[in-house]
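In what follows, a structure is listed as structure tokens, so that the remarks can point back to it.
The values are calculated or read from the model by the stated rules, or taken from the named source; none is laboratory data. Keep in mind that what you see is a predicted model, and the values were worked out from it rather than measured. So basically every Cβ, Gly included, is an ideal-geometry build from the backbone, and we count neighbours across all protein chains shown. Surface areas here come from the heavy atoms of the whole protein model, side chains and all, with no ligands, DNA or RNA. Shrake-Rupley method; radii C 1.70, N 1.55, O 1.52, S 1.80 Å.
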Amino acid sequence: MGLWDKLKKEFSSMVDEIKEDVSGLAKDVAREKAEDAAQNVADKAKEAGEERKQNKQQQEEADRKAREDGRVCSKCGRKAAAGEKFCPECGGKIIVRLRVCSKCGKIATDGQKFCSDCGGEIVEKIEE
Ligand SMILES: [Zn+2]
Ligand SMILES: [Zn+2]
């Protein structure tokens, strides 16, 4: 084997080694990036989930308050106190007067004329 062939052989094996190193590095980087991206997505999903949970809790609290505030006597219209089933003034049954969306049923807050969720008209609803 001549010197040139020997050099060529050595050189090509060096190139192969370098190629392997580079592809190994590239794989590591790719894996790291993929892991980061997956972690990001997981974090975002968790955040969104927690925000949704908080929103739901706030909504439930607002609904509960609306139901409590909407309790009135069906006869004289007196605002009922907590726990009252019948009016202590006139004996009328206590009902819950709510303002809800005619489309989706969401309980409206004071002053709302249309639903903030779907644009439906707010109507009065009586719950007994
Ligand atoms: Zn009454
Ligand atoms: Zn609605």
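Summary table
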| item | result |
| --- | --- |
| Sum of side-chain charges, residue 9 neighbourhood, beta-carbon under 14 Å (Lys, Arg +1; Asp, Glu -1) | -2 |
| Inverse mean reciprocal Cα-Cα distance (Kirkwood Rh) of the stretch 61-128, Å | 12.4 Å |
| Top of 35, 47, 68 by mean-square fluctuation, Gaussian network on the chain, Cα under 10 Å | 35 |
| Exceeding the 28 Å Cα-Cα cut-off - candidates 46/103; 79/125; 53/85; 46/113 | 46/103; 53/85; 46/113 |
| Helical mean residue ellipticity (222 nm; -39500 (n - 2.57) per DSSP H run of 4+; nearest 500) of the chain | -20000 deg cm²/dmol |
| Rounded to 10°, Cα long-axis angle of helix 3-69 versus longest principal axis of the chain | 0 degrees |
| Accessible carbon and sulfur surface of the chain relative to its total accessible area, %, 1.4 Å | 53 percent |
| Computed E for residue 64/residue 117 - FRET, C-beta separation, R0 22 angstrom, nearest 0.05 | 0.75 |
| Farthest toward positive dipole pole in the stretch 1-69 [+1 Lys/Arg, -1 Asp/Glu at C-beta], among 40, 25, 54 | 25 |
| Isotropic mean projected area of the C-alpha convex hull, the chain (nm²) | 13.8 nm² |
| Per residue value of the accessible surface for the stretch 63-103 (all protein chains in place, 1.4 Å probe), Å² | 63 Å² |
| Kirkwood-based Rg to Rh ratio, the stretch 1-69, C-alpha trace | 1.70 |
| Sum of side-chain charges, residue 21 neighbourhood, beta-carbon under 15 Å (Lys, Arg +1; Asp, Glu -1) | -2 |
| Long-range HN-HN contacts of residue 86 with modeled amide H, under 5 Å | 94 |
| Backbone HN-Hα couplings from phi across the stretch 91-100 [Karplus 6.51/-1.76/1.60, Hz, Gly and Pro as x] | x, x, 6, 7, 10, 10, 9, 10, 10, 10 |
| Amide N proximity, the stretch 1-16 versus residue 28 label position 7 Å along Cα-to-Cβ, cut-off under 16 Å | none |
| Cα-based reach from residue 8 at 17 Å (exclusive), listing aspartates and glutamates while leaving out same-chain residues under 8 positions away | 16, 17 |
| Inter-part distance where the stretch 1-33 and the stretch 54-112 are each reduced to a Cα centre, Å | 77 Å |
